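The values are calculated or read from the model by the stated rules, or taken from the named source; none is laboratory data. Computed from a predicted structure; not experimentally measured. Note: ideal-geometry Cβ built from the backbone for every residue, glycine included; neighbour counts use all protein chains shown.
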Amino acid sequence: MTSGADGSAFERRTEVGGVWATWRVESPLRIAITALHDSDDTVVASFADGDRPDLAQAREQWPRFAKLWDAVRHQFWSEIG
């Protein structure tokens, strides 16, 4: 986990089976996906500010990563719980 330039945002990394996503929590409690990498470290997708899909959109666009999205959701709720 790393802090953003202003110290208020933290980027998280969640990995399942060699596939990983970086994401951050945006207001109000929105999971914003910043990047998605396949098991060979290929960048599947990368997003700039204002263009980041939320977790539901990521699930729709990349359903083959369902286990990864479940892990992101679990990490999110563990952190805010």
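For the range 21-45, the set of residues classified as within 15 Å of residue 11 (Cα to Cα), hydroxyl-bearing (Ser, Thr, Tyr) and loosely packed, with under 10 Cβ neighbours inside 10 Å consists of 27 only.
What residue, among those in the range 24-44 that are in contact with a Phe, Trp or Tyr (Cβ under 8 Å, 6 or more places away or on another chain) and hydrophobic (A, V, I, L, M, F, W, C), is nearest to residue 74 (Cα to Cα)?
Within the range 24-44, the first condition is being in contact with a Phe, Trp or Tyr (Cβ under 8 Å, 6 or more places away or on another chain), and the residues that meet it are 24-25, 31-37, 44.
Filter once more, keeping what is hydrophobic (A, V, I, L, M, F, W, C): 25, 31-33, 35-36, 44.
Working: 25: 13, 31: 12, 32: 15, 33: 15, 35: 18, 36: 17, 44: 22 Å.
Going through the qualifying residues, I end up with 31.
Within the range 46-63, the set of residues being surrounded by fewer than 15 Cβ atoms within 10 Å (Cβ to Cβ), at pLDDT 95 or above and not acidic (Asp, Glu) comprises 46, 56, 57, 61, 63.
For residues that are of a type in the set (D, E, K, R), under 13 Å from residue 20 (Cα atoms) and part of a helix (DSSP H, G or I), scanning just the range 38-72, find the one that is farthest from the chain's Cα centre (by Cα).
Of the residues in the range 38-72, the ones of a type in the set (D, E, K, R) are 38, 40-41, 49, 51-52, 54, 59-60, 64, 67, 70.
Cutting the leftovers down to under 13 Å from residue 20 (Cα atoms) gives us 38, 40-41, 64, 67, 70.
Now restrict to residues that are part of a helix (DSSP H, G or I): 64, 67, 70.
Details: 64: 15, 67: 13, 70: 11 Å.
So, considering only residues that are of a type in the set (D, E, K, R), under 13 Å from residue 20 (Cα atoms) and part of a helix (DSSP H, G or I), the one farthest from the chain's Cα centre (by Cα) is 64.
Taking the range 50-75 as the region of interest, how many residues are within 13 Å of residue 30 (Cβ to Cβ) and aliphatic (A, V, I, L, M)? Within the range 50-75, residues that are within 13 Å of residue 30 (Cβ to Cβ) and aliphatic (A, V, I, L, M) number 4.
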